[in-house]
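Here's the structure we're looking at; comments come further down.
The values are calculated or read from the model by the stated rules, or taken from the named source; none is laboratory data. As the structure is a prediction and not an experimental result, all values here were calculated from the model. Here the Cβ positions follow ideal geometry from the backbone for every residue, glycine too, while neighbour counts run over all protein chains shown. Just the protein is used for accessible areas: all its heavy atoms, side chains included, with ligands, DNA and RNA removed. Shrake-Rupley method; radii C 1.70, N 1.55, O 1.52, S 1.80 Å.
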Amino acid sequence: MQQTILDLFTYPSRTIDRLLAEKNYVQANRIFFLTMVVVSLSLVLSLYLQQYKIAPISPWLITLVAIGPIGGLLFTRFLFRQLVKLGLLMVANQTYPSDPTERRERSQELYLLYPYHVVSLIIPAVVLPFVVAPTSGDSLHLLAKLVLMIGYLLLSWGTLVFQIAVMVMIVKRVYNVTAAQAFWGPMLAYFLFAVAAGFISVALALIITLAVRFLS
């Protein structure tokens with residue numbers, strides 16, 4: 001498993017081809033589980049480092065912070081399949097499989113490869129506790145903190161770029177589309193989903209606000 005992760009970072013295109021040929025769901029699920037655990041522990045540790053000298057930490061808050069990323073990644077694994085298919089229907093409708101059996105096979109391949117799309121989150125998750133850890137107020141420590149924060153920001157952006165690149169490789173190989181279609185299809189679908197989620201959030205916030213004012 002460790003070698004597969006290393007290969008993905010060093011030879012992503014070749015590694016995705018191999019993973020698609022092997023179809024090892026056990027390994028994919030193990031890598032996905034590792035990603036969820038590392039991200040969850042990172043957020044819990046970061047919360048503890050930020051709060052342990054300021055105020056007691058509620059067990060409910062720790063539980064929420066621990067479960068949140070796990071639930072989020074599980075949901076996005078499902079969402080990834082749906083949005084990729086939606087995006088390709090919008091930008092590559094002519095090349096999208098029409099046979100239901102082939103569609104299911106391609107959907108299962110997206111499910112298989114999704115953990116390799118998000119495994120790079122492990123890197124910023126490992127670094128995050130060092131970024132939020134309290135430091136002394138002298139100039140040397142503050143400078144080191146600033147450098148670490150800038151480095152973490154750059155690392156996060158690099159991780160996002162790598163995730164997008166892996167997503168394009170996955171979609172391109174699974175559906176045999178062009179790189180442009182593999183990029184713009186999912187990106188357009190994610191954009192539409194974000195807009196819809198934003199409208200729903202605003203509407204719910206307005207409804208809750210009006211309900212509270214009406215009941216008070």
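Quick look at the values:
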item: Residue list for region 11-49, restricted to those being within 29 Å of Ala179 (Cβ to Cβ), of a type in the set (Ser, Thr, Tyr), open to solvent by 70 Å² or more (accessible area, probe 1.4 Å) and in a helix (DSSP H, G or I); result: Tyr25
item: Members of region 172-195 found to be among the β-branched types (Val, Ile, Thr) and out of contact with any Leu (no Cβ under 7 Å at 6 or more places or on another chain), listed by number; result: Thr178, Val195
item: Residues located in region 50-74, provided they are assigned to a loop (DSSP other than H, G, I, E, B) and open to solvent by 80 Å² or more (accessible area, probe 1.4 Å); result: Tyr52, Lys53, Ile54, Pro56
item: Candidate set from region 95-144 (those that are among the small types (Gly, Ala, Ser) and within 15 Å of the chain's Cα centre (by Cα)); member that is farthest from Ala28 (Cα to Cα); result: Ala125
item: Any chance Val119 is in contact (Cβ under 8 Å) with a residue 12 or more places away in the chain, in contact with an Asp or Glu (Cβ under 6 Å, 6 or more places away or on another chain) and not basic (Lys, Arg); result: no
